[in-house]
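A.B. asks: What follows is a structure written as structure tokens; I'll ask about it next.
The values are calculated or read from the model by the stated rules, or taken from the named source; none is laboratory data. These numbers were taken from a predicted model, which means no experiment stands behind them. Note that we place each Cβ from the backbone using ideal geometry, even for glycine, and neighbour counts take in every protein chain shown. Protein only, heavy atoms only, side chains kept; ligands, DNA and RNA dropped before computing areas. Shrake-Rupley method; radii C 1.70, N 1.55, O 1.52, S 1.80 Å.
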Amino acid sequence: MNHLKKITALATACVLPLLAAAPAHAEVHSICGNYVCVMTAHHERFVQDITVRTKDGLPGTLRAYWGEFRSPRVNAASHRWVVNRDQPNAKLVCAGLERDGRSIEDGVCTTI
């Protein structure tokens, strides 16, 4: 029984710092256009990550942009960019999708 208490105490000691590190008021916003969806996880104007995915699951060239942030273009059906940046004047995070060199959709934006 004493062994079980030690394991429980160790597990609690490992989990509590993780809970304390999460922002108290973190928000997730998402919006979809006809072909692409953009999702953000942020705390106030501090964007933690941006995820862009195609609605049809087919690959294309995805990108995201907001304020001074411009993500690299990636060829995928879904991609997550870890940003961890504060952009005090930015109000939107936007995404775009290209296929075969053509812009399929651009300016799908969610608020932060």
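A.B. asks: Can you list the residues, at least 5 places off or on another chain, whose amide H is less than 5 Å from the amide H of Arg63, using H built in the peptide plane?
C.D. replies: For Arg63, the qualifying residues are Gly96.
A.B. asks: Hey, can you grab everything whose amide H is under 5 Å from the amide H of Ile112? Only 5+ residues off in sequence or another chain; H modelled, so Pro and N-termini drop out.
C.D. replies: Residues meeting the criterion, in which the H sits 1.01 Å from N, are Leu92, Val93.
A.B. asks: Between Asp49 and residues 5 or more places away or on another chain, which pairs have amide H atoms under 5 Å apart, with H built 1.01 Å from N, and which residues are they?
C.D. replies: HN-HN under 5 Å from Asp49: Ala41, Val83, Asn84.
A.B. asks: Determine Rg/Rh for the stretch 41-83; Rg is computed over alpha-carbon atoms and Rh is the Kirkwood hydrodynamic estimate from the same atoms. Kindly include the intermediate steps, with their values, before the conclusion.
C.D. replies: Working: Rg = 11.0 Å, Rh = 11.0 Å.
Looking at the stretch 41-83, the ratio lands at 1.00.
A.B. asks: Another one. For the full complex of protein chains and a 1.4 angstrom probe, list Arg45, Arg70 by accessible area with the highest value first. Walk me through the intermediate numbers first.
C.D. replies: On the way: Arg45 75, Arg70 160 Å².
Largest accessible area first, the residues go Arg70, Arg45.
A.B. asks: Output ³J(HN,Hα) for the stretch 43-55: one whole-Hz value per residue in order, computed from phi by the Karplus curve 6.51 cos²θ - 1.76 cosθ + 1.60 with θ = phi - 60°, and x for Gly and Pro.
C.D. replies: Result, ordered by residue: 10, 6, 9, 8, 7, 8, 7, 10, 10, 10, 9, 8, 6 Hz.
A.B. asks: Would you tell me the accessible area of Cys109, worked out with a 1.4 angstrom probe on the heavy atoms of the protein chains, in Å² to the nearest 10?
C.D. replies: 40 Å²
A.B. asks: Hey, another quick one. For the stretch 25-107, build the charge dipole from Cβ charges (+1 Lys, Arg; -1 Asp, Glu) around the Cα centre, then report which of Ile104, Ile50, Asn75 sits farthest towards its positive end.
C.D. replies: Of the listed residues, the answer is Asn75.
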